[in-house]
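What follows is a single structure, written as structure tokens, with notes after it.
Each reported figure results from applying straightforward, stated rules to the coordinates on display, with no laboratory input. From a predicted model like this one, the values you see are computed outputs, not experimental measurements. All Cβ positions, glycine included, derive from the backbone under ideal geometry; neighbour counts span all protein chains shown.
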Amino acid sequence: MTRYLILGNGSLTALYDNNFVIRELYWPLTTSNNLDKGRFGIWINGNFSWIEQLNPKTGYLDDTLAVYSAFSFKNVSFYLEDVIDMAYDIWIRKVSLKGGEDKDVRVFVAFDFHIGGIPDGDTALFDPYSDSIIQYKGSRWFLLSSSIPFYQYATGTKEYKGYLGTWIIL
């Protein structure tokens, strides 16, 4: 499958499809994919959609190594910017919205890690000290956090006896 957007710093690399879904995440080497899919969803006043269902406009920001996505859902406009730090192995997503002042807007994030390229044995937990979700296997650790505290979070069994897994709500 074609990867339309690529971010990287030589150690951490993220590859996106045409709908701004992260399809591959390589770290610490560019030869070991650790992710099956990284999704972003929106919930507004009881209505939900994943970003890939909203036909997002995607591309690179001019003269940068940053990517963006713009889309609308239920009369709320969203703008996402992603970047990987050049000095540290940090992936950052900035989420902006317009028109949601009088609505109940929630953001969903779902990362289906396959750490080391294998879906079995991944472990996820909530760390109250850092207010983050940590997913790990062996010596590979991924920390997911937000400047807005988690409203809810869930970790669970995936890809076993038909289980689909869980997601994070911001």
query: So which lysines can K94 reach, going by Cα to Cα under 23 Å and dropping same-chain residues fewer than 8 places off?
result: K37, K57, K74, K103
message: Can you give me the long-range amide H partners of L12? Hydrogens built in the peptide plane at 1.01 Å from N, cutoff under 5 Å, separation of 5 or more residues or another chain.
response: none
statement: Extension length gain for E159 and R140 (0.36 nm per residue less Cα distance), in nm, is 4.8 nm
query: If we count every other residue with Cβ under 9 angstrom of V21's Cβ, Lys/Arg +1 and Asp/Glu -1, where does the sum land?
result: +1
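Could you work out the relative contact order of the chain, using alpha carbon pairs under 8 angstrom and six or more residues apart, expressed as a whole percent?
Computed value for the chain: 17 percent relative contact order.
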statement: In order over segment 57-66: 3J(HN,Hα) from phi, Karplus 6.51/-1.76/1.60, θ = phi - 60°, whole Hz, x for each Gly or Pro, gives 7, 10, x, 9, 5, 4, 6, 9, 10, 10
message: Students often forget the sequence filter, so: which aspartates and glutamates lie under 16 Å Cα-Cα from K158 once same-chain residues fewer than 8 apart are removed?
response: D36, D112, D120, D122
task: Report relative contact order for segment 96-165 in percent, whole number only (criteria: Cα-Cα under 8 Å, sequence separation at least 6).
output: 19 percent
message: Going by Cα centres, segment 1-32 and segment 93-152 are how many Å apart?
response: 17 Å
field: Full-stretch length increase - D89, T31 - with 0.36 nm per residue and alpha-carbon distance subtracted
entry: 19.3 nm
Cα-centred dipole magnitude for segment 1-117, charges only on beta-carbon of K, R (+1) and D, E (-1), debye, nearest 20: 300 debye
- line: FRET efficiency for D102 and L61 from the Cβ-Cβ distance with R0 = 30 Å, rounded to 0.05, comes out at 0.50
